[in-house]
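Single-structure report; data block below.
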Amino acid sequence: MDSLEPSLYTVKAVFILDNDGNRLLSKYYDPELYPSMKEQKNFEMNVFNKTHKADNEIAFLEGMTIVYKSSIDLFFYVVGSAQENELMLMSVLNCLFESLSQILRKNVERRCLLDNMEGVFLVVDEIIDGGVILESDPQQVLQKVNYRADENPLSEQSVAQVLQSAKEQIKWSILK
């Protein structure tokens, strides 16, 4: 396939780093891009070193187009191919940031993010699936995430209830 062909697979990676460049969240959608954890972390550190003191919103590095945004002690990155439309990537970044801002009640900082990682992953998964942009409207993302979070609030279940439920499922699968 010609690399200049338009593709549904717009996003190569999404990651969030703290103000020291440490990974808090990362998702790579192209298995060939940086197959090992070491390669991913090297790439993230290179990106961080190039962007953390810059005032821009876009960077080009290692043949990738990278859009980014910082908030207090966090850096948000969306990575696409060199040919990718920056506006598409920016819409993903803005959707991610706005959605997280709502979920974290405007406290878009490291501690709050770490305390709400489950919600953060839900948001990322609502916006991007396997590199394909599913949603770029934060209100739509929040509705879906809240719907899913309300559907089965695991945090409200006690560990005993979860274990009991698992035991029953195992018992039924053995009896079948």
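The values are calculated or read from the model by the stated rules, or taken from the named source; none is laboratory data. Please read all numbers here as calculations on a predicted model, not as lab measurements. Note that we place each Cβ from the backbone using ideal geometry, even for glycine, and neighbour counts take in every protein chain shown.
Scan the stretch 1-28 for residues that are at pLDDT 95 or above and not acidic (Asp, Glu) and report the count.
15
Does the stretch 23-80 hold any residues that are buried (at least 16 other Cβ atoms within 10 Å of the Cβ), more than 22 Å from Asn94 (Cβ to Cβ) and in contact with a helix residue (DSSP H, G or I) (Cβ under 7 Å, 6 or more places away or on another chain), and which are they?
Tyr34
Applying the selection to the stretch 109-130, what residues are within 13 Å of Leu24 (Cα to Cα), free of Cβ contacts under 8 Å to residues at least 40 places away in the same chain and either among the aromatic types (Phe, Trp, Tyr) or not in a helix (DSSP H, G or I) (or both)?
Residues satisfying the conditions are Glu109, Asn116.
Conditions first: (1) buried (at least 18 other Cβ atoms within 10 Å of the Cβ); (2) at pLDDT 90 or above. Val108 passes all but one, so which condition is the exception?
With respect to (1) buried (at least 18 other Cβ atoms within 10 Å of the Cβ); (2) at pLDDT 90 or above, Val108 is out only on (2).
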